Amino acid sequence: MPRFLGESQYELISAVLDRLIPSQGDMPGAGEVGTADYLDEIVAGSTQLARLFTHGLQDIEIAASRLGSDFGELSDAQQDETLRGAETDDPEFFDVLIRHTYNGYYSNPRIVELLGLDPKPPQPRGNRVERGDLSSLEVVVERGQAYRDA
């Protein structure tokens, strides 16, 4: 159940996500793997993002309606035209949309698995970190404490 997006906004953003990262071969589109849920969580946690996404999604809906249909029902070329217009008219919204779309898509466990990446964090795996030469830090240590105790 979305926390921020309404039903029509959820459908719209899913269609937009599938256009930004479409399915290709074995790789599903961004809308198919639930990136809209990720965006909903991010947007719900910030009033600034909520305002930005509300206006940005409204602009996309208005531009699509000028072409005679809902965004999801437009041809690929019309969807691209609509998104290019959104990018031009509101670059801040589009930048945030792209950044969070990629973050949500490429952190999705299904996508990580399909890419053949290790889903675990790089540390700790038991990798041993070699102790290096820290003699260059002696100058810093000699300066003493540079902050007040709390």
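Laboratory data are not the source of any read-out in this text; all were calculated from the coordinates shown. Because the structure is a prediction, the values reported are computed rather than measured. We place every Cβ from the backbone using ideal geometry, glycine too, and count neighbours over all the protein chains shown.
Quick rundown of the values:
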{"quantity": "Around GLY29: net Lys/Arg minus Asp/Glu count, Cβ-Cβ under 13 Å", "calculated": "-2"}
{"quantity": "Relative contact order computed over the chain (Cα-Cα under 8 Å; 6+ residues apart), in percent", "calculated": "20"}
{"quantity": "Net +/- balance of residues flanking PRO2 in space, Cβ distance below 14 Å, scoring K and R +1, D and E -1", "calculated": "-4"}
{"quantity": "MRE, 222 nm, helices only [DSSP H, n ≥ 4, -39500 (n - 2.57), over the chain, to nearest 500]", "calculated": "-18000 deg cm²/dmol"}
{"quantity": "Chain lengthening between ARG3 and GLU113 when straightened (0.36 nm per residue, less Cα-Cα)", "calculated": "36.9 nm"}
{"quantity": "Backbone HN-Hα couplings from phi across the range 37-43 [Karplus 6.51/-1.76/1.60, Hz, Gly and Pro as x]", "calculated": "5, 4, 4, 4, 5, 5, 5"}
{"quantity": "Whether the chain is rounded, prolate or oblate, judged on the alpha carbon gyration tensor where a/c under 1.5 counts as rounded", "calculated": "prolate"}
{"quantity": "Longest segment of the chain lacking trypsin sites (Lys or Arg not before Pro) that sit in a DSSP loop with at most 16 other Cβ atoms within 10 Å", "calculated": "4-124"}
{"quantity": "ALA77 paired with ARG51, simple spin-label distance in nm, labels 7 Å along Cα-to-beta-carbon", "calculated": "3.9"}
